[in-house]
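After the structure tokens below, expect a handful of questions from me.
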Amino acid sequence: MDEAISQPQQVPLRTEQDWSARLFPNNEWILLIVIAVECLLFAFTGNNFATTGNAFEITRLSVEIGLLALIMTPIIITGGIDLSVGSMMGLSAVVMGALWRDAGLSMPVAIVIRLAVGLLGGALNAAMITKLKAPPLIVTLGTFSLFRGIAEGLTRGIENYSGFSPSFLFLGQGYVGGVVPTQLFIFVPAILFFWWWLHRTAFGRSYYAIGFSQEGSRYAGIKVRRRLNFMYCLSGLLASLAAVIYVAHLGQAKSDAGTGYELTAIAAVVLGGASIFGGRGTVLGTILGLLAIVVLQNGLRISGQPTELAGILTGVLLVITILIDRLSRIGVSRITVSEEEFEVKNWQIGVLSGVIIVAAVIVAASNWMLVRSIKEQGGGATSATQRQNAVTPAGKKNVIAMMPKAKGDPYFISCRKGAEEAAKELGAELLWDGPTDLDPAKQNEVVEAWITRGVDAIAVSVENKEGISTVLRKARAKGIKVITWDADSEKDARDFLINQATPQGIGETLTDEAARIMGGKGEFAIITASLSAANQNEWIKFIKQRLAEKYPEMKLVATQPSDGDRDKAFAETQNVLKVYPNVKLIMGIAAPAVPGVAEAVKQSGRTDVKVTGLSLPNMCKPYVKEGIIDSFVLWNTGDLGYLTVYAANALSNRSFKSGDTMIKAGRLNEIEVVGDEVRLGKPFIFNKGNIDNFDF
Amino acid sequence: MATIGKTYRREISAAAALAALLVIVAIIAPSFFAPGNLRDLIVNNLPTLLIAIGMTLVILVGQIDISVGSQFAVCSVAAGVLAKTGLPMPLVFVAVMLIGGLMGALNGTLIGWMKLPSIIVTLAMLVMWRDALRWITEGAWVQGLPENFQWFGLGQSTGEIVIFMISLLLFAVFAWSLRNLIVGRTVYAVGSDAEAARLAGINSPNVVFWVFIIMGGLVGVSALLNAIRFSAIPGNSGVGLELKAIAAVVVGGAAITGGRGTLIGTLIGVALLGTIGTALTFLGINPFWEKAIQGAIILAALASDVALGRLEKNGRSDLAATTSPA
């Protein structure tokens, strides 16, 4: 590549360069400015952003991706890439879980074997790349699918290993001396090791040589293949180590561990000044790049900004960094005096400041909008409900933080409407945040940020019971009221559960509906969400149980995944219809799947096949009216969100406490409370007759 | 004949794998070849094929585009929103193609003219477009589309034929011009050796720029043709589409380093990877293994390429193939 020739640090033959050139050979100091500006911005807009606790929390969150980014640094320096590290995490997580639980091995042995698995996976990459001379991008794209696929195949997507011993969980959740997260004791030595290895040993420096020119390095006597083999094996090993920490952090080992981590790791390395063409990059730069991304995510969350901004800004930052780098290198490579270099650098700062100012304006503007909308609410505080509830002891507004399992899921979007309605009536501030797609690790991250920020109540729809309970207990210990809604955590980790329906209730209602439509006998199929979706797997368990108990003549012939994607549900249904021509009914048990199933049945022209399942009225309305969907099951999702916010608000006002048998919830009037569960009522069955009454 | 065997070596091995798969299915589950199933299979995979055509061009010039899945989602939602404003469908078609082309032009400017590494630029776009879309739509679906949206208002069977014909036409045009037009040959020239191409008077940055615009336009067409098969548009479609397309192109014999590959190969690659999922259901194999099998096929394609290459003893430099993917 041509810029390899125009490397600035090759030009001077002095043995010692300026300290700044040695420390920041690729203008990594820019990142320092970016991080500083981010910190400054969030210290003003966020609550408790600039605290030691939050600083440690940020580092904890960056450990798993950080380990991947560390090994990605030499890989990118050699001009290679490894897309398989995230999938490797998934594979080694389930291997360890299986060894520990099913094979009964002790934890240290399981960890050692799993690290060996990582090594083996790395060796496969290495062999393909150095022996077969295949491009790393394609090899690791193949193993990216292969590793994740094996992990899913081994566990059939369902298996979820949990219940690890506290001493193991301490590795990912504990604090040494009460303040320092445990995993830092692995991460910091790892950083130091990589720094020493890449910058202080001839062995490590040889990777730079390989990145400049493989051919040249070979002539210079560097054993290129061996070096690359070692590096890709180490990559597998480190991905496994990251998986150990991930499992300890979340308390569960599942095949979806580390999904998408490889992209963040690559972004961090490139942001840190490494060239994707090879030959350039530093450990310090990688760490700074990583921090710039993680601080941005954490800061936006703490200031209550939409986290989508983090992705957008990271993308912008990424493009700007490489753009500046490219332009500055064009400037340097011209044989000119240092004056022009200076100009370029001033110009760089100009662009960067511009970006940061734009980001600041976005954040400020949305804050201003928020303040304005709150003021409007406060000014119009005349309705009866507001006078009743809004006046808290100190006259302050309650901050209620509410988390869905996935923000993009239409089901949760409809819950949000009710939640916002309630918050408006109560004059409370509602924070709505969560993972964009199902992601247990992200849920923990968001709760941590809320604890740091200091909210009055947290309401969570739990994706991973074991994983989140530790964090929720921590929140309770800090005096924050904790509610679970939609799906429960461990009982001692929350004050109340807003129970819309138990998994058993859902499973039984779905089965009964299917039985009614099919007349109690015949074949049917299920289109589920992803194969590893915890909720759906729980429902399927109860559906099977109900079938065995009450409907022995009904047969479940296939369960196919839709990954929450309407188009995939459509294609899978087409297959099912052809492979199992006797199927009389198809049940979609994920909101986006049901319209896909219905469309496929409609296009097949099979009027004898009916559709049922669990979905939202607005999505299904046309199909219900055409008679393709006979009926489907759900509760009023808006009411669920509404009730959750009312309960959270009453809890923080101390007007609702353990032992109460009912709660007043605005337009829902009085709602029954049994023990520590607030019951919304039974699942509702939507059909042709009643669907027009609903709009969500 | 020997030259044909040599030129299409990779395509032939991919076709052999596809044939083997089809033979196995034919023996165990002959109902797979029912006309209805083949029709569904083809219609379902046409959107992927269109993206893969663009991806072939991108890979031929030695670049890569991992932002197509996010662009696909943006174009799908845009198609729905535009149709709801009452715009006639042909105009919607053109507008969506333009939107795709614009997103492609952004990639093309940064990669072609500014010479930034394509994997990083498109990685940034992958995140940016997806998150921007989520921010704006908040995951909501576009519903209540006008009557003439689904199947262009022509009904299912005619609509499917229209989708098929548009895709076939685009495929034929690209396959022919890539082989026979000067413009097509310059794509190969730039991918083989950008410097040599420049000395031969080809404006390499311009070629890369236009290849990305075409990629974006094809994403737009693909998104629209996919959207009109349904009566609502999800806000979050196309996740992982980029990997599907890249895998199909590579399995079809294109070299990721640029300069080698054909659209016939890409067609075979799309057919092979698109058939596996359905074939597994017909064979009664658990869907859990689908991803693993896809990965294994990519690796097998690579390995067979090397094995065949060694047999022919093409005297290329050993290390040349291991250089950076960019």
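The values are calculated or read from the model by the stated rules, or taken from the named source; none is laboratory data. None of these values were measured; they are calculated from a predicted model. As a convention, Cβ positions derive from the backbone with ideal geometry for all residues, glycine included, and neighbour counts pool all protein chains shown.
In the range A:249-268, what residues are at pLDDT 90 or above and more than 10 Å from chain B (Cβ to nearest Cβ)?
Across the range A:249-268, the qualifying residues are A:Tyr261, A:Glu262, A:Ala265, A:Ala268.
Same structure, new question: Let me spell it out: the conditions are (1) farther than 18 Å from A:Leu61 by Cβ; (2) buried (at least 21 other Cβ atoms within 10 Å of the Cβ); (3) not small (Gly, Ala, Ser), and A:Asn444 meets all of them except one. Which number is the exception?
(1)
Does any residue in the range B:230-250 that is closer than 14 Å to B:Ile66 by Cβ and facing another protein chain (nearest Cβ under 7 Å) come within less than 7 Å, Cβ to Cβ, of a residue that is among the β-branched types (Val, Ile, Thr) and part of a helix (DSSP H, G or I) six or more places away or on a different chain, and which pairs are these?
Filtered contacts from the range B:230-250: B:Ala247/B:Ile298; B:Val250/A:Ile138; B:Val250/B:Ile298.
Can you name the residue in the range A:150-166 that is touching a residue at least 40 places away in the same chain (Cβ under 8 Å) and either part of a helix (DSSP H, G or I) or polar (S, T, N, Q) (or both) and is also surrounded by the fewest Cβ atoms within 10 Å (Cβ to Cβ) among such residues?
Keep residues of the range A:150-166 that are touching a residue at least 40 places away in the same chain (Cβ under 8 Å), which gives A:150-152, A:154-165.
Applying the additional criterion that residues be either part of a helix (DSSP H, G or I) or polar (S, T, N, Q) (or both) yields A:150-152, A:154-155, A:160, A:162, A:165.
Numbers: A:Ile150: 24, A:Ala151: 30, A:Glu152: 29, A:Leu154: 18, A:Thr155: 24, A:Asn160: 21, A:Ser162: 16, A:Ser165: 10.
In this case the residue turns out to be A:Ser165.
Quick check on B:Ser67: is it more than 14 Å from the chain's Cα centre (by Cα), surrounded by 24 or more Cβ atoms within 10 Å (Cβ to Cβ) and among the polar types (S, T, N, Q)?
Judged against the criteria, B:Ser67 is not a match.
Could you please find all residues in the range A:84-107 being surrounded by 24 or more Cβ atoms within 10 Å (Cβ to Cβ) and assigned to a loop (DSSP other than H, G, I, E, B)?
If the condition is that a residue be surrounded by 24 or more Cβ atoms within 10 Å (Cβ to Cβ) and assigned to a loop (DSSP other than H, G, I, E, B), then A:Ser84 is the only one that fits.
Output the strands (runs of 3 or more DSSP E) that fall wholly within the range A:426-504 and possess 1 or more residues being of a type in the set (Lys, Arg) and touching a residue at least 24 places away in the same chain (Cβ under 8 Å), or say none.
A:481-485
Among A:Gly236, A:Gly211, A:Gly281, which is outside the structural domain of A:Ile76 (by TED's automatic domain parsing), buried (at least 24 other Cβ atoms within 10 Å of the Cβ) and among the small types (Gly, Ala, Ser)?
Only one candidate passes the filter, namely A:Gly281.
Also, quick follow-up: Just to check your reading of the model, which residue among B:Ala320, B:Ala300 is more than 7 Å from chain A (Cβ to nearest Cβ), modelled with pLDDT of 80 or more and surrounded by fewer than 22 Cβ atoms within 10 Å (Cβ to Cβ)?
Values: B:Ala320 fails: modelled with pLDDT of 80 or more.
It is B:Ala300.
Let me ask something additional. Answer yes if at least one residue in the range A:550-566 is part of a loop (DSSP other than H, G, I, E, B), in contact (Cβ under 8 Å) with a residue 40 or more places away in the chain and either within 14 Å of another protein chain (Cβ to nearest Cβ) or more than 30 Å from B:Thr158 (Cβ to Cβ) (or both), and no otherwise.
Checked the range A:550-566: at least one residue is part of a loop (DSSP other than H, G, I, E, B), in contact (Cβ under 8 Å) with a residue 40 or more places away in the chain and either within 14 Å of another protein chain (Cβ to nearest Cβ) or more than 30 Å from B:Thr158 (Cβ to Cβ) (or both).
Would you point out the residue of the range A:587-633, among those that are at the interface with chain B (Cβ under 9 Å from one of its Cβ atoms), small (Gly, Ala, Ser) and more than 21 Å from A:Phe696 (Cβ to Cβ), that is surrounded by the most Cβ atoms within 10 Å (Cβ to Cβ)?
Once the filter is applied, the top-ranked residue is A:Ala600.
Another question, if that's okay. Identify, from the list B:Gly216, B:Gly265, the residue that is over 28 Å from B:Val25 (Cβ atoms) and either more than 10 Å from chain A (Cβ to nearest Cβ) or at pLDDT 95 or above (or both).
It is B:Gly216.
Separate question: Any residue at all in the range B:5-27 that is within 11 Å of chain A (Cβ to nearest Cβ), more than 29 Å from B:Arg134 (Cα to Cα) and out of contact with any Ser or Thr (no Cβ under 6 Å at 6 or more places or on another chain)?
Pass one, the range B:5-27, residues within 11 Å of chain A (Cβ to nearest Cβ): none.
No.
Within the range B:114-129, does at least one residue satisfy the condition of being within 11 Å of another protein chain (Cβ to nearest Cβ), surrounded by fewer than 18 Cβ atoms within 10 Å (Cβ to Cβ) and of a type in the set (A, V, I, L, M, F, W, C)?
Yes, the range B:114-129 has at least one match.
OK, next. Would you be able to say whether some residue in the range A:304-311 is in contact (Cβ under 8 Å) with a residue 60 or more places away in the chain, surrounded by fewer than 24 Cβ atoms within 10 Å (Cβ to Cβ), more than 9 Å from chain B (Cβ to nearest Cβ) and in a helix (DSSP H, G or I)?
Within the range A:304-311, not a single residue is in contact (Cβ under 8 Å) with a residue 60 or more places away in the chain, surrounded by fewer than 24 Cβ atoms within 10 Å (Cβ to Cβ), more than 9 Å from chain B (Cβ to nearest Cβ) and in a helix (DSSP H, G or I).
Restricting to the range A:198-213, name every residue that is under 18 Å from A:Phe277 (Cβ atoms), touching a residue at least 60 places away in the same chain (Cβ under 8 Å) and outside any loop (DSSP other than H, G, I, E, B).
Matches in the range A:198-213: A:Leu198, A:Tyr207, A:Tyr208, A:Ile210, A:Gly211, A:Phe212.
Which residue, of A:Met72, A:Met89, A:Met96, is of a type outside the set (Asp, Glu), touching an Asp or Glu at 6+ places or on another chain (Cβ under 9 Å) and more than 14 Å from chain B (Cβ to nearest Cβ)?
So the residue among A:Met72, A:Met89, A:Met96 that is of a type outside the set (Asp, Glu), touching an Asp or Glu at 6+ places or on another chain (Cβ under 9 Å) and more than 14 Å from chain B (Cβ to nearest Cβ) is A:Met89.
Can you name every residue in the range A:17-45 that is surrounded by 19 or more Cβ atoms within 10 Å (Cβ to Cβ) and modelled with pLDDT under 80?
Hits for the range A:17-45 are A:Phe24, A:Asn26, A:Glu28.
Within the set of pairs 6+ apart or on separate chains, which have a first residue in the range A:678-696 that is within 21 Å of A:Ala648 (Cα to Cα) and not assigned by TED's automatic domain parsing to the domain that holds A:Tyr623, a second that is crowded, with 16+ Cβ neighbours inside 10 Å and among the small types (Gly, Ala, Ser), and C-beta atoms under 8 Å apart?
Correct list of pairs: A:Val678/A:Ala647; A:Leu680/A:Ala501.
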